[in-house]
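The values are calculated or read from the model by the stated rules, or taken from the named source; none is laboratory data. Quick caveat: nothing in here was measured; it's all calculated off a predicted structure. Here the Cβ is made from the backbone with ideal geometry for all residues, glycine too, and neighbour counts use every protein chain on show. Protein only, heavy atoms only, side chains kept; ligands, DNA and RNA dropped before computing areas. Shrake-Rupley method; radii C 1.70, N 1.55, O 1.52, S 1.80 Å.
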Amino acid sequence: MKKFCSQNCGTSPLSILSIQDLHVYYETGRGTTRAVDGVTFDVPEGHVVGLVGESGCGKTTAARAITRVIPKSASIVSGRIIYDGKDLLQLSNRDMAALRWREIAFIPQSAMNSLDPVYRVGSQIIEILRDRGGFDRQRARRRAVELFEMVGLDDKRLRDYPHQFSGGMRQRAAIAFALALEPRLIIADEPVTALDVIVQRQILDTFKDLQERLGLSVILVTHDISVVAFSCDEVVVMYAGQVAEAGPTAAVLAEPVHPYTMGLYNAFPDLQRSAGTLVPIDGNPPDLTLTQTGCRFADRCPFVLDECEREAPSLIQANEGHTAACWRRGEAAALRRQAEEVTTWQRS
Ligand SMILES: Nc1ncnc2c1ncn2[C@@H]1O[C@H](COP(=O)(O)OP(=O)(O)OP(=O)(O)O)[C@@H](O)[C@H]1O
Ligand SMILES: [Mg+2]
């Protein structure tokens with residue numbers, strides 16, 4: 001598996017974004033869903049940080065909270081989101097709006113399908129440049145051509161309608177839209193999920209190349225740990241609204257400390273090889289409307305102890321720059337060896 005760190009991972013660059021003890025809840029007919037329940041992580045400037053975890057663990061909710069564009073039923077209950085020294089949660093709506101696209105661009109989970117079918121793709125990108133960037137028509141046209149070239153699309157395709165684009169081309173267009181006003185931070189929510197593996201690689205390569213050339217900071221949201229292995233400098237593993245483990249990708253994937261990360265690693269095929277023995281993690285994440293006591297992963301964890309069910313472990317340092325929320329973090333090496341055995345994950 002190819003793992004890389006594009007930046008100087010031996011040093012600690014300053015964070016462009018610091019999320020601190022963030023809580024985002026939804027009010028639903030069934031009660032309060034604690035979708036993000038105490039999430040803390042940093043995005044070092046110029047790095048790609050992967051936010052990974054299975055469906056429903058709160059990735060999109062956390063990512064959207066950064067832009068403060070969240071559904072009506074959601075509220076950011078507490079926490080701090082420090083961007084470039086400012087707490088985004090304290091900004092006026094107007095100041096926050098001024099940051100979107102220009103400083104922080106968001107590529108939504110369904111970006112590929114969100115292009116307006118009745119307008120040419122070029123008209124749509126020109127409209128963004130004019131409305132949000134104040135470009136005149138001629139400059140907007142030139143910038144649209146430049147953006148299409150940057151993401152590997154032929155500028156002739158600016159005249160096409162979205163249905164004339166393949167899925168991969170639409171995803172490239174979504175990246176071009178996000179880059180339009182030269183943001184410093186891009187949040188991409190599942191940018192390659194609906195694509196086949198070959199196109200996934202092409203898009204991730206393009207994305208990585210742009211990120212390095214433009215010095216962008218990126219949060220890449222994905223449920224697929226092999227995408228993280230391929231593209232991210234740091235990884236934040238989320239489980240049931242919280243961070244289970246976080247740190248440099250190479251360290252977290254080579255020596256995971258949290259059993260959930262060990263399980264996720266076994267459960268996904270590699271981007272560069274065919275699916276070998278994939279071992280699912282049995283069971284489902286907990287219902288986030290219910291109050292949780294103990295570790296949220298306890299009832300799926302093959303290494304569970306009584307204390308795991310009694311009290312929730314905090315996210316604390318396991319190794320240099322590498323944190324994990326597990327009572328058994330001191331025994332991680334032995335647990336990793338057991339986690340490699342398929343039988344460890346099979347429930348009797
Ligand atoms: N608009 C909403 N109203 C109520 N609950 C919601 C809403 N959106 C998400 N949730 C709930 O919040 C929790 C987290 O959802 P979220 O979409 O953030 O997860 P995710 O990790 O992005 O999942 P996926 O991988 O499927 O995209 C889930 O329990 C989900 O059901
Ligand atoms: Mg999501």
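The table below gives the values:
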| quantity | calculated |
| --- | --- |
| Antiparallel bridges, percent of DSSP beta bridges restricted to the chain (to nearest 5) | 65 percent |
| Accessible surface, 1.4 Å probe, highest first, among residues H223, H163, H258 | H163, H223, H258 |
| Shape box of segment 192-343 [Cα atoms, principal axes, largest first, Å] | 48, 34, 32 |
| Segment 254-345 - Debye-derived log10 I(q)/I(0), Cα point model, q = 0.12 Å⁻¹ | -0.40 |
| In nm, spacing of pseudo-spin labels at D306 and E340 (7 Å Cα→C-beta vector) | 3.3 nm |
| Whole-number D in µm²/s for segment 67-187 (Stokes-Einstein; Kirkwood sum over Cα pairs; 37 °C, 0.692 mPa s) | 212 µm²/s |
| Net +/- balance of residues flanking D282 in space, Cβ distance below 12 Å, scoring K and R +1, D and E -1 | +1 |
| Number of Lys pairs (Cα under 21 Å; 8 or more positions apart or on different chains) in the chain | 4 |
| Debye log10 I(q)/I(0) for the chain, one point scatterer per Cα, at q = 0.08, 0.12 Å⁻¹ | -0.39, -0.88 |
| Share of carbon and sulfur in the accessible heavy-atom surface of the chain [1.4 Å probe, %] | 46 percent |
